[in-house]
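The values are calculated or read from the model by the stated rules, or taken from the named source; none is laboratory data. Computed from a prediction, not measured in an experiment: that's the story for all the values here. FYI the Cβ positions are ideal-geometry reconstructions off the backbone, even for glycines, and counts take in every protein chain you see.
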Amino acid sequence: MFLGLLVLGGTVFFGALSVGAVDLSGGFWKAFTEPGAAQEILWRIRLPRVLLGGLVGGLLAGAGCTLQGLLRNPLADPYLLGVSSGAALGSAVGLLVGIAQPVAAMAGALIALGAVLFLARGGGTPSATLMILAGAALHALTSSLLTFILSQARREESVGILFWLLGSLESPPWGRLVPLLGVGGLVLGALFLLAPALNLLSLGDDTARSLGLAVARFRWGAVVLCALATGLAVTFNGVIPFVGLVVPNTDRLLVGFYNRGALPVSVVMGAMLVVLADALGRSLLAPQEIPVGVVTALVGAPFFLIILRRERKKLG
């Protein structure tokens with residue numbers, strides 16, 4: 001199944017390179033080798049954008065899969081828990097006060113996730129209902145603060161910030177993309193290393209502790225990694241909602257709840273989803289673009305309602 005997903009991912013990858021305001025499907029392979037405008041579009045605009053979209057999708061899906069395993073809750077998602085909006089607020093504040101955006105975004109994501117877990121704490125694993133309520137309240141607070149920032153910014157700046165908040169991919173220069181891919185790869189590798197411990201945690205805190213897992217330390221370490229993944233994704237692309245919810249739930253229908261298999265499959269599927277959503281956003285109304293966050297929201301919102309209905313049936 002994983003090999004099949006890689007083949008499908010390759011198809012999506014090359015398909016996304018060929019579509020857009022300028023259709024390269026006719027002379028796609030020539031654009032790789034023959035100098036000209038098509039080669040410039042491919043190497044300077046589309047290839048960096050597709051690679052960045054794949055990284056962002058993988059980070060968000062990996063963080064969502066880890067959060068769901070960590071909290072044993074199918075509704076756990078960086079967007080629904082307010083982590084993405086916290087990262088967006090941190091990034092915007094960092095831009096205003098001169099702090100490096102990646103650092104500010106990751107700090108905002110970590111503070112937001114810590115606040116949600118603190119507000120939803122109970123006798124053991126945080127309550128699903130309280131997490132959703134706390135995430136909604138935090139999202140409302142951060143949205144109001146971001147609106148205030150937009151109202152105080154100049155018109156040109158506010159338009160750019162608003163487009164960024166809708167979740168928009170860019171085509172970064174290779175000098176910035178390569179380090180970003182390296183850091184993102186390290187974060188994803190660290191998430192993969194959590195999979196065996198997540199399997200232990202799925203047996204319950206007491207059982208995992210009896211098998212040698214330092215539950216509290218592991219949980220907070222995983223929270224920090226999820227915040228880092230979300231902050232890194234939001235810093236350069238704004239808020240792209242529901243990727244961390246849709247992908248892991250679909251993934252677990254295919255491969256089950258064994259995290260060592262679910263995490264890498266989620267990362268591949270998340271990369272495909274964001275790349276495909278961006279390709280649709282670039283081609284449906286070309287030369288105008290639909291922000292990728294709008295496309296994922298159109299897919300994710302009905303999926304969220306389906307999951308809520310399924311969880312309500314479980315409760316009787």
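Listed values, structure above:
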read-out: Some residue of the range 216-232 being farther than 22 Å from residue 117 by Cα, crowded, with 24+ Cβ neighbours inside 10 Å and within 13 Å of the chain's Cα centre (by Cα); value: no
read-out: Cross-chain or 6+ apart pairs with Cβ under 7 Å, the range 199-221 first and touching a residue at least 12 places away in the same chain (Cβ under 8 Å), then of a type in the set (Phe, Trp, Tyr); value: 199/258; 202/257
read-out: Test: residue in the range 306-314 that is touching a residue at least 12 places away in the same chain (Cβ under 8 Å), under 12 Å from the mean Cα position of the chain (by Cα) and either surrounded by fewer than 24 Cβ atoms within 10 Å (Cβ to Cβ) or under 13 Å from residue 63 (Cα atoms) (or both); value: no
read-out: The listed residue being surrounded by 20 or more Cβ atoms within 10 Å (Cβ to Cβ) and either basic (Lys, Arg) or outside any helix (DSSP H, G or I) (or both), out of 241, 248; value: 241
read-out: Candidate set: the range 107-144, residues that are hydroxyl-bearing (Ser, Thr, Tyr) and modelled with pLDDT of 85 or more; chosen: the one nearest to residue 245 (Cα to Cα); value: 142
read-out: Options 96, 70, 52: the member that is in contact with a Lys or Arg (Cβ under 7 Å, 6 or more places away or on another chain) and either in contact (Cβ under 8 Å) with a residue 40 or more places away in the chain or over 17 Å from residue 198 (Cβ atoms) (or both); value: 70
read-out: Unmet criterion (only one of (1) at pLDDT below 85; (2) within 15 Å of the chain's Cα centre (by Cα); (3) of a type in the set (A, V, I, L, M)) for residue 56; value: (1)
read-out: Residue satisfying all of: in the range 1-46; crowded, with 17+ Cβ neighbours inside 10 Å and in contact with a Phe, Trp or Tyr (Cβ under 9 Å, 6 or more places away or on another chain); modelled with the highest pLDDT among these; value: 17
read-out: Per-region count, the range 102-118, residues surrounded by fewer than 19 Cβ atoms within 10 Å (Cβ to Cβ) and either of a type outside the set (Phe, Trp, Tyr) or touching a strand residue (DSSP E or B) at 6+ places or on another chain (Cβ under 9 Å) (or both); value: 3
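Here is a yes/no grid of residues against (1) of a type outside the set (A, V, I, L, M); (2) over 30 Å from residue 94 (Cα atoms):
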residue: 244; (1), (2): yes, no
residue: 254; (1), (2): no, yes
residue: 259; (1), (2): yes, yes
residue: 275; (1), (2): no, no
